[in-house]
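Novice: The structure's right below; bear with me while I get my questions together.
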Amino acid sequence: MSNITVDDKVKAHFQQVYQRANRIIEISLGCYFVFGIALAMFYNTWMLALAVGTLAVSMYTVAKWFFPSKTLNQYVAGCTFAIFMAQFIYQMHGLFEMHFFAFIGAILLIVYQNWKAFIPITLIIVAHHAAFAYLQFAGYEEIYFTQLDYMSLSTFFFHVGLAAVILGLCAFWAFHFRQHTEKSLLSNIKIQDQLAHSEQNMAFATEIAKGNLDAEQSREESNKLGCALIDMQERLKDAQRREQQERFMNVGLAEVGDILRKNVNSLENLSEKVLGYLVKYIGANQGAIFIADHDQEENEKLLNMAACYAYDKKKFQEKVIRVGQGLVGQTFLEKKTIHLTKVPRGYVSITSGLGETTPGHLLVVPLIVNEHVEGVIELASFNTFSSDTIQFLEKVGESVASMVASSKTTRRTARLLEETKASEEELRAAEEEMRQNNEELQAIQEEISRKEQSQAALFQAVQQSIGTMEIGPDGSIVQVNDILSHYLGYASSDLKGQIHERVIKQEATYATFWQQLQADKSSQALLQLQHKDAHVSTIAVSGNLVASQDSIMLLFWIKTPVAVA
């Protein structure tokens, strides 16, 4: 609807009234001028008719043409009618009836519906009557006011008073007509506004019924129904906005949940799919997901980039951020969302993981579940992030964090299971190796047992074929075994304490054997032995010096005699 006010409409209407009134006044002034020319024929007042008439008409014309937007011509018109009245009175040498032309002009001025327009004509009439009446009755010739020889002062006052009453009544009717016109006009404007409002309200209601909640209508206090419809539109918009927000939230969460369920076994695929969907869904330009490595120490935790997405393409990048480093590390540390609405050029590539493009808005959201941060989502866009988008991403962060924690637990469990299986395999291999070792040990033990038995038999055989004799420092026999004593034909007790030369013959070989034994503490030789029955045998003898007892141990190989004499 147009913004034209009631005052503007009233002014426009009265401009039309003034235009119609101007045409009436102009026609009337033309008639007055022509009438003055006609009166000139009675008393030959042509010059007066032409000069005064032209002056009067020119005054009106100048006022109208030079001040078209003003009401000055209305006041000049009143003056013009008063001048024409004075002209006619003079032309007719004070004919009383000429005074009525002033009243005719006053009646014509009513068409302006401006009571102020009667002030100039009233003043001129009063001044004219007072001046010309005084001059005429003062004896000035050729001054015409009335054809009466004398007019008393009371008559003059009655005359002027009646003229003032007539002019006042005309001014009253002009004022009354204006009030009536304004009242009728306001009533008409109100009706027209109501009709316009009704049509506008019907069109507006029709658009709302069609679902066009963006239809526009100006709020006007005079249009109560329109204001109610606008209020209804705003409530419907709020309801639609809430519905869109809920749909945006629910659809997004459902889609993300479906992605999480389908990629529960792969944290990498999960990060890539979720990030790609979020960047497209919220209309961002770039994005990255960082997952925390909780295997490190608290002050050495790292955030590894699990996925990077920019301009509808998957980016293959590797990036590691320490906790507390840049916006990502700060968000992880403080567990609060960071939203930058003015990002300086180059700031993203310095403190963020998104590359070199400088977006206008940056949003970093922590992935929190049970007060535990599992990672960070970082998104950049050339458009602002609304509060609904931030709230949606925070809820998505909770879902992703829960799935990341579950995925980590699953991977940790799988790793432990693999380690358990590997340990079982190693244990089984160790058991098999131990069994084989036991078998080998048992075989070795059996072999050792066989060798021990063989060595025992060999030792027993050796013991049965070797005679022993121990000789003390003084050369006497300290001990002799049964094999040697029986071999020589003695009893063991027979030789004990005897000198050893009794059984070992003194010869050159014996002397060499004994010298070598003294020098090397061991010696071997073939010695001759003296038997009890006096025969001599030669056998191999091995001797060793026993240092702890200062004695000599001689071994005699009984079953290998060299010769017997």
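The values are calculated or read from the model by the stated rules, or taken from the named source; none is laboratory data. As the structure is a prediction and not an experimental result, all values here were calculated from the model. When we count neighbours, we look across all protein chains shown, and the Cβ atoms used for this are built from the backbone with ideal geometry, even at glycine. Quick note on the areas: whole protein, heavy atoms, side chains included, nothing else; ligands and nucleic acids left out. Shrake-Rupley method; radii C 1.70, N 1.55, O 1.52, S 1.80 Å.
Novice: Applying the selection to region 1-58, what residues are open to solvent by 50 Å² or more (accessible area, probe 1.4 Å), of a type in the set (Val, Ile, Thr) and under 30 Å from residue 220 (Cβ atoms)?
Specialist: 4, 5, 6
Novice: Another question, then. For region 86-100, name all the residues that are assigned to a helix (DSSP H, G or I) and surrounded by fewer than 20 Cβ atoms within 10 Å (Cβ to Cβ).
Specialist: Here is the first cut: in region 86-100, the residues assigned to a helix (DSSP H, G or I) are 86-91, 96-100.
Hits for region 86-100 are 96, 97, 100.
Novice: Still on this model: Out of 72, 135, report the one residue that is free of Cβ contacts under 8 Å to residues at least 24 places away in the same chain, open to solvent by 40 Å² or more (accessible area, probe 1.4 Å) and farther than 29 Å from residue 46 by Cβ.
Specialist: 72
Novice: Regarding region 402-410, can at least one residue be identified that is closer than 19 Å to residue 272 by Cα, among the hydrophobic types (A, V, I, L, M, F, W, C) and part of a strand (DSSP E or B)?
Specialist: No; the residues of region 402-410 include none that is closer than 19 Å to residue 272 by Cα, among the hydrophobic types (A, V, I, L, M, F, W, C) and part of a strand (DSSP E or B).
Novice: If we scan region 209-216, do we find a residue that is at pLDDT 80 or above, part of a loop (DSSP other than H, G, I, E, B) and open to solvent by 90 Å² or more (accessible area, probe 1.4 Å)? Before you say what the answer is, go through the steps one by one.
Specialist: Initially, region 209-216 is screened for residues at pLDDT 80 or above, giving 209-210.
With the extra rule that they be part of a loop (DSSP other than H, G, I, E, B), the set shrinks to 210.
Within this subset, residues satisfying the condition of being open to solvent by 90 Å² or more (accessible area, probe 1.4 Å) are 210.
Checked against the condition, which is being at pLDDT 80 or above, part of a loop (DSSP other than H, G, I, E, B) and open to solvent by 90 Å² or more (accessible area, probe 1.4 Å), region 209-216 yields at least one hit.
Novice: Just checking, how many residues over region 101-132 are of a type in the set (Phe, Trp, Tyr) and either touching a residue at least 60 places away in the same chain (Cβ under 8 Å) or not in a helix (DSSP H, G or I) (or both)?
Specialist: 4
Novice: Anything in region 384-411 that is closer than 18 Å to residue 271 by Cβ and among the polar types (S, T, N, Q)? List them, or say none.
Specialist: Scanning region 384-411 gives 399, 402, 406, 407, 409, 410.
Novice: Considering region 375-401 alone, what residues qualify as being outside any helix (DSSP H, G or I), among the hydrophobic types (A, V, I, L, M, F, W, C) and open to solvent by 20 Å² or more (accessible area, probe 1.4 Å)?
Specialist: First, the residues of region 375-401 that are outside any helix (DSSP H, G or I): 375-386.
After this cut, where a residue has to be among the hydrophobic types (A, V, I, L, M, F, W, C) as well, the list is 376-377, 379-380, 382, 385.
Within region 375-401, 382 is the sole residue that qualifies.
Novice: In region 501-516, what count of residues is obtained for those that are crowded, with 19+ Cβ neighbours inside 10 Å and over 15 Å from residue 468 (Cα atoms)?
Specialist: Start the filter on region 501-516 by keeping residues that are crowded, with 19+ Cβ neighbours inside 10 Å, which leaves 503-504, 513.
Pick out the ones that are also over 15 Å from residue 468 (Cα atoms) and you get 513.
Residues flagged as crowded, with 19+ Cβ neighbours inside 10 Å and over 15 Å from residue 468 (Cα atoms) within region 501-516 amount to 1.
Novice: Scan region 63-84 and give yes if some residue there is of a type outside the set (Val, Ile, Thr), touching a Ser or Thr at 6+ places or on another chain (Cβ under 7 Å) and either over 26 Å from residue 159 (Cβ atoms) or assigned to a helix (DSSP H, G or I) (or both), otherwise no.
Specialist: Within region 63-84, the subset of a type outside the set (Val, Ile, Thr) is 63-70, 72-75, 77-79, 81-82, 84.
Filter once more, keeping what is touching a Ser or Thr at 6+ places or on another chain (Cβ under 7 Å): none.
Checking region 63-84: not a single residue is of a type outside the set (Val, Ile, Thr), touching a Ser or Thr at 6+ places or on another chain (Cβ under 7 Å) and either over 26 Å from residue 159 (Cβ atoms) or assigned to a helix (DSSP H, G or I) (or both).
Novice: Moving to a separate point now. Can you tell me which residue within region 158-197, out of those that are open to solvent by 60 Å² or more (accessible area, probe 1.4 Å) and within 55 Å of the chain's Cα centre (by Cα), is nearest to residue 129 (Cα to Cα)?
Specialist: In this case the residue turns out to be 190.
Novice: Restricting to region 2-25, count the residues that are under 30 Å from residue 57 (Cβ atoms) and in contact (Cβ under 8 Å) with a residue 24 or more places away in the chain.
Specialist: Residues that pass the stated criteria total 9.
Novice: Taking region 470-500, which residues are surrounded by 13 or more Cβ atoms within 10 Å (Cβ to Cβ) and part of a helix (DSSP H, G or I)?
Specialist: Passing the criteria: 483, 484, 485, 486, 487, 488, 492, 494, 495, 500.
Novice: Between a first residue in region 237-259 that is under 30 Å from residue 216 (Cα atoms) and touching a residue at least 40 places away in the same chain (Cβ under 8 Å) and a second residue that is open to solvent by less than 80 Å² (accessible area, probe 1.4 Å) and part of a helix (DSSP H, G or I), which pairs have beta carbons less than 7 Å apart while being 6 or more apart in sequence or on different chains?
Specialist: 245/388; 248/388; 248/392; 249/392
Novice: Any residue in region 394-423 that's more than 19 Å from residue 255 (Cβ to Cβ): show its pairings with residues that are loosely packed, with under 15 Cβ neighbours inside 10 Å and modelled with pLDDT of 75 or more at Cβ separation under 9 Å, as long as the two are six or more apart or on different chains.
Specialist: Hits for this filter: 405/370; 405/372.
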